[in-house]
1. Just to be sure I understand the filter: pairs with C-beta atoms under 6 Å, separated by 6 or more residues or on different chains, first member in the stretch 49-67 and under 13 Å from A19 (Cα atoms) and in contact (Cβ under 8 Å) with a residue 40 or more places away in the chain, second member assigned to a helix (DSSP H, G or I) and of a type in the set (K, R). Which pairs pass?
2. Might you let me know whether the stretch 30-45 holds any residue that is more than 16 Å from ligand 1 (Cβ to nearest atom) and not aliphatic (A, V, I, L, M)?
3. Condition test on G37, is it over 14 Å from the mean Cα position of the chain (by Cα), closer than 18 Å to D216 by Cα and either within 16 Å of ligand 2 (Cβ to nearest atom) or surrounded by fewer than 17 Cβ atoms within 10 Å (Cβ to Cβ) (or both)?
4. Considering only the stretch 95-107, I want to know if a residue exists there that is in contact with a Ser or Thr (Cβ under 6 Å, 6 or more places away or on another chain), within 16 Å of ligand 2 (Cβ to nearest atom) and at pLDDT below 95.
5. Filter the stretch 238-254 down to the residues that are under 13 Å from I36 (Cα atoms) and surrounded by fewer than 13 Cβ atoms within 10 Å (Cβ to Cβ) and list them by number.
6. Of everything in the stretch 11-29, what is more than 13 Å from ligand 1 (Cβ to nearest atom) and under 21 Å from I57 (Cβ atoms)? Give them in sequence order.
7. Report, by residue number, each residue of the stretch 46-66 that is hydrophobic (A, V, I, L, M, F, W, C), near ligand 1 (Cβ under 10 Å from one of its atoms) and in a loop (DSSP other than H, G, I, E, B).
8. Which number in (1) under 30 Å from V126 (Cα atoms); (2) aliphatic (A, V, I, L, M); (3) away from ligand 2 (no atom under 16 Å from the Cβ) marks the one condition that L172 misses?
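The values are calculated or read from the model by the stated rules, or taken from the named source; none is laboratory data. Everything numeric here is computed off the predicted structure, so don't read it as measured data. Neighbour counts run over all protein chains shown; Cβ positions are idealised from the backbone, glycine included.
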Amino acid sequence: MAQAIEVSDLDIYYGDFLAVQGVSMAIRPRSVTAFIGPSGCGKSTFLRTLNRMHEVIPGAKVRGTVTIGGQDIYASAVDPVAVRRKIGMVFQRPNPFPTMSIYDNVLAGARLNSRRLSRSEADTIVERSLSGANLWNEVKDRLGKPGMGLSGGQQQRLCIARAIAVSPEVLLMDEPCSALDPISTSAIEDLIHELKKDYTIVIVTHNMQQAARVSDETGFFNLKAAGEPGHLVEFDATEQMFTKPSLPETEAYISGRFG
Ligand SMILES: Nc1ncnc2c1ncn2[C@@H]1O[C@H](COP(=O)(O)OP(=O)(O)OP(=O)(O)O)[C@@H](O)[C@H]1O
Ligand SMILES: [Mg+2]
């Protein structure tokens with residue numbers, strides 16, 4: 001189920017603006033990869049190219065290749081909608097569907113993907129996904145209540161449940177804890193640790209301790225100057241990156257001597 005990701009010489013544009021240049025990296029299956037770097041260096045932009053969400057913006061395009069499980073996701077025969085269904089995404093702000101119950105929120109993606117689910121199939125997916133997101137015990141007695149009635153941390157775990165309900169091959173997370181308190185953050189970090197047994201996880205975070213705690217590999221993105229494209233400076237095992245990075249530029253950022 002979990003797949004490897006290979007990115008080769010990827011350039012990412014918004015219209016004529018080259019936002020990110022020349023990214024190559026290999027992401028292992030069943031691992032957590034963190035992206036760090038200053039605001040505007042293209043972490044979110046790059047993350048969105050991994051499930052073809054980038055192209056949703058008019059004029060946005062990429063050059064280079066991204067393969068997931070050996071398949072070029074930008075090949076002309078590939079349907080971007082199918083890619084987005086296989087590669088789940090969790091955003092900075094929890095975004096449950098406001099009019100839906102907890103139960104229906106979990107099933108929202110799964111219902112798009114498959115033929116009609118029977119009640120018992122649906123029940124099974126809901127319990128499995130909410131348990132996987134470590135939320136089941138908190139909500140099992142109020143599944144029919146609105147998803148918006150949960151706390152922020154619970155809503156974020158609901159969004160993770162919704163993402164894993166479709167059994168994705170990869171889970172992308174863009175600053176999933178930045179709107180959460182330390183306890184909810186810790187719950188999500190524990191969850192990420194659990195989920196990596198089954199999924200390939202890529203997470204963007206501004207929290208270096210978080211990157212150090214949750215990830216196996218870390219990629220540091222930076223900008224040469226304002227208006228220049230972002231690029232991947234260094235990519236290595238997290239422990240190496242945070243103790244003995246190869247480049248002074250990485251060392252400066254990690255130790256807070258940046259900008
Ligand atoms: N929809 C868009 N249209 C045009 N340019 C964009 C768009 N989204 C982002 N950009 C530009 O692309 C560059 C990278 O932005 P991106 O949001 O990927 O950075 P980031 O590293 O995620 O920053 P942050 O840490 O603040 O979230 C920036 O110059 C930004 O202004
Ligand atoms: Mg961002």
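1. Qualifying pairs under 6 Å: H54/R48.
2. Keep residues of the stretch 30-45 that are more than 16 Å from ligand 1 (Cβ to nearest atom), which gives 30-32.
With not aliphatic (A, V, I, L, M) added as a condition, the list becomes 30-31.
Yes: the stretch 30-45 contains one or more residues that are more than 16 Å from ligand 1 (Cβ to nearest atom) and not aliphatic (A, V, I, L, M).
3. When the stated conditions are applied, G37 passes them.
4. no
5. Hits for the stretch 238-254: nothing passes.
6. Residue satisfying the conditions is G22 alone.
7. I57
8. All conditions are met except number (3).
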